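Notes follow the structure.
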Amino acid sequence: MSDSSVPLPSPRRSSRRPDARVIDRFRFTRPGSLADRLLIQVNASRVGFVRDHVDPDRSGLVISGPKALRKASELRDDDYAGVLLADPAFYEDGFATAAEPYLSRSDELPTPDPLGQAVQEQLAAGATAALTPTGYLRAGDTAALRAAVRDVARREDSRIVLALPIDVGWLRGDLVGGLIEELGPAPGLKAVMLGGQLDPLADFPEAITGLARVLAQVPGTALLRADLAAFGALARGAAFAAYGLSGRLRHVVPPGEPVKSPGFSDSPAVLFPELMALFLGSTLARRFAATPAPVCECAACGRRALDSFSTNRDVRQAAQHNTAVLMSWQQMVQALAPGPDRQRWWQENCRAAIGRYPLVNAAIQQPNGFKVQPQLLRWSLLDPAPSAPAGAGAD
């Protein structure tokens, strides 16, 4: 077992002593600062789209993919002082097993301590906390889950966040109790990422109920790689949450499966705040072709019509619009006390959004122009329940 005040072993690929700048990056290691934040999850190439639109007091960045470490290091070199996580996303490459719950990048030589190496590299890059390099956890693979929990518990290091890229099947009624039981011994923060195609939380009716149970019964649990479910999670007591800026970062596709897509994207996904849903910009342009579109007054748009993000040339502006709206919602969340007040806020907003669909469709004279998404409907119907205090488990 290791004490969190003792530096972890240096990465195997370098025996050089870290320079002062690398050592100084450990000043960013404050896992408690993650508490109650809505982070924006983004790949390295799009960090610049939203870096200056993220609220430093309520949010931060999660950089995902093979270039996550390099980009995190560049941000710290460029004096970025916000909350920052680096997610190399090894779970996209392979599965966790009882013998090897943690993975290294597939093009690297095997290492005897992939967990120690991953933690050292992330912290050296300036991450606020280190995500474990957990492989994808198949539904019901209790042995692999138990091994991941055991290895983190042995470290006794509050800087480590146990990453849990779980198949959404874990949230079924016959499995979720076992998931909760196995996570009981896991210390500190845990970060659930849901695996499946398209919208995993819409796969079966009890998925959202199962997620709510995990958040309520496992203190310190967060939700990463999420869509607007990030707010549902915060309302239900999540330690923190992360919204994926692109569709690929709103869930985890199981390793080896081809990515299913709702169709060719000829424009960016745009958040329609009143309907609490994302629609392609080109779809919005078609729906409002004969009717004035709603005007957005978020911090990024000023006064911009929602049907104006109609081509892929508008990706940056759409990302900034989405982020600005999310930041305004997060401000509302944090104005409420954790627990029932937040649950009611989320449920009431979901119900109000559902009620607007027929009104908008009537205004554009298209009865089926906009359709309520299953996940939104299920959040609106979720029974109130006790939730863990926001940030529980953070040290």
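Helix 114-124: angle to the longest alpha-carbon principal axis of the chain, degrees 0 to 90, nearest 10?
Value to nearest ten degrees: 70.
So how exposed is Met332, as accessible area in Å² (1.4 Å probe, rounded to 10)?
Approximately 90 Å² of Met332 is accessible to the 1.4 Å probe.
With a ≥ b ≥ c taken as the square roots of the eigenvalues of the C-alpha gyration tensor of segment 237-280, please select rounded if a/c is under 1.5 and otherwise prolate if a/b is larger than b/c or oblate if it is not? Provide the component values of the computation, followed by the final result.
Working: a/c = 2.73, a/b = 1.06, b/c = 2.57.
It comes out oblate by the Cα gyration axes.
Pairs of Cα atoms under 8 Å, at least six residues apart: use those to get the relative contact order of the chain, whole percent.
Numbers: 814 pairs, mean separation 69.1, N = 395.
The normalised contact order for the chain reaches 17 percent.
Under 27 Å between alpha carbons, and skipping anything fewer than 8 positions from Lys260 in its own chain: which lysines qualify?
Partners within reach: Lys67, Lys371.
Per residue of the chain, what 222 nm ellipticity follows from adding -39500 (n - 2.57) for every DSSP H run with n ≥ 4, rounded to the nearest 500? Mind dumping the intermediate values first?
Details: 12 runs with 132 residues, N = 395.
Value at 222 nm, helices only, nearest 500: -10000 deg cm²/dmol.
Put a dot 7 Å past each Cα toward the Cβ at Arg304 and Asp57; how far apart are the dots in nm?
Once both label points are built, they end up 2.5 nm from each other.
Taking the chain as the reference, fit the longest principal axis to its C-alpha atoms, fit the long axis of helix 315-334 to the helix C-alpha atoms, and give the angle between the two in degrees, 0 to 90, nearest 10.
80 degrees
For Tyr357, what charge total do you get from the other residues with a beta carbon under 13 Å from its beta carbon, if Lys and Arg give +1 and Asp and Glu give -1?
Details: positive: Arg287, Arg351, Arg356, Lys371; negative: Glu274.
Net charge around Tyr357: +3.
Kindly identify segment 24-91 as rounded, prolate or oblate by the Cα gyration tensor criterion: order the square roots of the eigenvalues as a ≥ b ≥ c, call it rounded if a/c is under 1.5, otherwise compare a/b with b/c, prolate if a/b is larger, else oblate. Each step should come with its number before you reach the end.
Working: a/c = 1.28, a/b = 1.20, b/c = 1.07.
Rounded is the answer for segment 24-91, as its axis ratio a/c remains below 1.5.
In a GNM of the chain with a 10 Å cut-off on Cα contacts, which of Arg105, Arg236, Arg313 has the highest mean-square fluctuation?
Arg313
Please compute the per residue accessible area over segment 85-237 with all protein chains in place, 1.4 Å probe, rounded to a whole number of Å².
On the way: 4550 Å² over 153 residues.
Heavy-atom accessible area per residue stands at 30 Å².
Evaluate the relative contact order of segment 286-395 (contact order divided by residue number), counting alpha-carbon pairs under 8 angstrom at least 6 apart; express in whole percent. Kindly include the intermediate steps, with their values, before the conclusion.
Numbers: 76 pairs, mean separation 26.6, N = 110.
That works out to 24 percent.
At q = 0.27, 0.33, 0.34 Å⁻¹, work out log10 I(q)/I(0) for segment 255-296 with the Debye formula, treating every Cα as an identical point scatterer and leaving solvent out; two decimals please.
With no solvent term, the Cα-only Debye profile gives -1.03, -1.23, -1.25.
Asp157 accessible area, nearest 10 Å², 1.4 Å probe?
For Asp157, solvent-accessible area is about 20 Å².
Carbon and sulfur together cover what percent of the accessible area of the chain at a 1.4 Å probe radius? Mind dumping the intermediate values first?
On the way: 8750 of 16800 Å².
Percent of accessible area from carbon and sulfur atoms in the chain: 52.
How big is the gap, in Å, between the Cα center of segment 106-181 and the Cα center of segment 221-250?
18 Å
Please grab the % of Cα pairs in the chain that end up more than 26 Å from each other.
Numbers: 39580 of 77815 pairs.
Result: 51 percent of Cα pairs exceed 26 Å.
Return one number: the angle in degrees, 0 to 90 and rounded to the nearest 10, between the long axis of the Cα atoms of helix 207-217 and the longest principal axis of the Cα atoms of the chain.
The angle comes out near 50 degrees.
In what sequence, highest mean first, do 81-94, 250-263, 165-178 appear when ranked by Cβ atoms within 10 angstrom? It would help to have the intermediate numbers written out before the result.
Working: 81-94: 22.4, 250-263: 13.9, 165-178: 19.9.
Ranked from most to least packed, the peptides come out as 81-94, 165-178, 250-263.
How would segment 99-144 be classified by its alpha-carbon gyration tensor: rounded, prolate or oblate, with rounded meaning a/c under 1.5 and the a/b versus b/c comparison settling the rest?
Details: a/c = 2.54, a/b = 1.54, b/c = 1.65.
Oblate shape, in that a/c is at least 1.5 and b/c is the bigger or equal ratio.
So what is the relative contact order for segment 110-182, in percent, with contacts set as C-alpha pairs under 8 Å and at least six apart? The partial results should precede the final answer.
Numbers: 72 pairs, mean separation 24.1, N = 73.
Relative CO of segment 110-182 lands at 33 percent.
The values are calculated or read from the model by the stated rules, or taken from the named source; none is laboratory data. What you are looking at is a predicted structure, and each value in this text was computed from that prediction instead of being measured. FYI the Cβ positions are ideal-geometry reconstructions off the backbone, even for glycines, and counts take in every protein chain you see. Accessible surface areas use protein heavy atoms only, side chains included; no ligands, DNA or RNA. Shrake-Rupley method; radii C 1.70, N 1.55, O 1.52, S 1.80 Å.
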